[in-house]
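The values are calculated or read from the model by the stated rules, or taken from the named source; none is laboratory data. What you see is a predicted model, and the numbers here were worked out from it, not measured in a lab. Neighbour counts run over all protein chains shown; Cβ positions are idealised from the backbone, glycine included.
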Amino acid sequence: MAALVGFLRRNDQRRRLPRPRMFRDRLNPLELRTDDELFERYRFRRPTIIYICDMIADTVSHGTRRSMALPPMLQLLVFLRFVATGAFHQLLGDAVHVSKATAGRCIRRVASAIANAVGRFIRFPTGQEALNVKRKFHAIAGFPNVLGCVDGTFIRIQTPSENEPDYVNRKGYHSLNVMMTCDTNFLVTNCVAKWPGSCHDSRVFRESTLCHQFENGQHDGLLLGDSGYPCRTYLMTPFNTTNDMRYRERYNTALCRTRVLIEQTYGILKRRFPCLAVGLRTDPGRACQYVVACVVLHNVGILRQDI
């Protein structure tokens, strides 16, 4: 008994001794990888990564009286690795020698900074740009006056703690219903990421700012959608039946050949950022922010021809 008491006393004394702080060496992957290796792991090459870092550096930098603050570049690389893999925070932190909690904070901080640049990189075409877009759409299948293609997609999320039934989509899993429009270069020109999965595509569009702008005559042109949308003077949808009418068949063929661009855009987006394909293990609010951040990054890659 006395031996046990002595052991417990010595163990308690050891626990009371101050432990020196251990700072793990943080390697910068940007200095260790080639451009192709960086693209494979982070979905961007070195010049674009530096460009994005410069864009968000002032926002994600934070003053601290403690040493070894995580620099903006490493915070960005943690986030890019997250969207490129959808991996758990523990694995992301291990890659740059930071804790799971630090990796989570990096992801949230960088996602917010990138999403705040939405107005800079996601813009619906107007003026001369709109005329160029119409010309390029017309060259695909002869469909005139087209400004963009519209469609919705489901982004899987974890089971939310509030209003859970609202997020169950028609396929039976929890998701967001995200609406986007695109141009002929697969550039996303409008993005609405706030609706639960149970909402129909037509409602998401009807409640959007873009719909109100078309209703008010702010855009002189057409959108192309599938049969899930109502036909409007500014929104063209396919005929449900052609009844052997050649003009309807030609119309449907031209519309489908042109509208397929939005489906291809979703495919490109989800292949580049697999976290959107496998699902986001977070609450709806953060998931919406991550989606917008990925769309901004998608446009950055296209605009800088880093694809």
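Structure above, values below:
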read-out	value
Filter result (under 15 Å from the mean Cα position of the chain (by Cα) and closer than 26 Å to F239 by Cβ) within region 190-229	N190
The one condition in (1) without any contact (Cβ under 8 Å) to a residue 12 or more places away in the chain; (2) touching a Gly at 6+ places or on another chain (Cβ under 6 Å) that L223 fails to fulfil	(1)
Enumeration of residues in region 158-193 that are in a strand (DSSP E or B) and in contact with a Cys (Cβ under 9 Å, 6 or more places away or on another chain)	L176, N177, V178, M179, M180, T181, C182, V188, T189, N190, A193
Where a residue in region 244-262 is within 23 Å of M180 (Cα to Cα) and in contact (Cβ under 8 Å) with a residue 24 or more places away in the chain and its partner, wherever it lies, is in a helix (DSSP H, G or I) and not β-branched (V, I, T), with Cβ under 7 Å and at least six apart	A254/A141; R257/A141; T258/F137; T258/A141
Cβ pairs under 9 Å, 6+ apart, first in region 128-145 and on the phi > 0 side of the Ramachandran plot, second surrounded by 13 or more Cβ atoms within 10 Å (Cβ to Cβ) and outside any helix (DSSP H, G or I)	N145/D220; N145/G221; N145/L222
F186 vs. criteria within 21 Å of the chain's Cα centre (by Cα), crowded, with 23+ Cβ neighbours inside 10 Å and assigned by TED's automatic domain parsing to the domain that holds V291	no
Which listed residue, of R286, R246, is basic (K, R) and exposed (fewer than 14 other Cβ atoms within 10 Å of the Cβ)	R246
Residues within region 88-115 that are in contact with a helix residue (DSSP H, G or I) (Cβ under 7 Å, 6 or more places away or on another chain) and not in a helix (DSSP H, G or I), tallied	2
Checking A117 against (1) among the small types (G, A, S); (2) surrounded by fewer than 18 Cβ atoms within 10 Å (Cβ to Cβ); (3) over 30 Å from M236 (Cβ atoms), the condition it does not meet	(2)
Inter-residue pairs, beta-carbon under 9 Å, first more than 20 Å from G119 (Cα to Cα) and in region 176-204, second surrounded by fewer than 19 Cβ atoms within 10 Å (Cβ to Cβ) and aromatic (F, W, Y), 6+ apart	L176/F154; N177/F154; G197/F154; G197/Y173
D54 vs. criteria assigned by TED's automatic domain parsing to the domain that holds D94, modelled with pLDDT of 70 or more and farther than 15 Å from L297 by Cβ	no
Every pair of residues 6+ apart whose Cβ atoms lie under 6 Å, when the first sits in region 40-55 and is farther than 19 Å from G86 by Cβ while the second is in a helix (DSSP H, G or I)	R45/D35; R45/L38; R45/F39; R46/D35; R46/L38; C53/P72; C53/M73; C53/L76
Qualifying residue in region 123-142 (condition: closer than 26 Å to A84 by Cβ and surrounded by fewer than 18 Cβ atoms within 10 Å (Cβ to Cβ))	yes
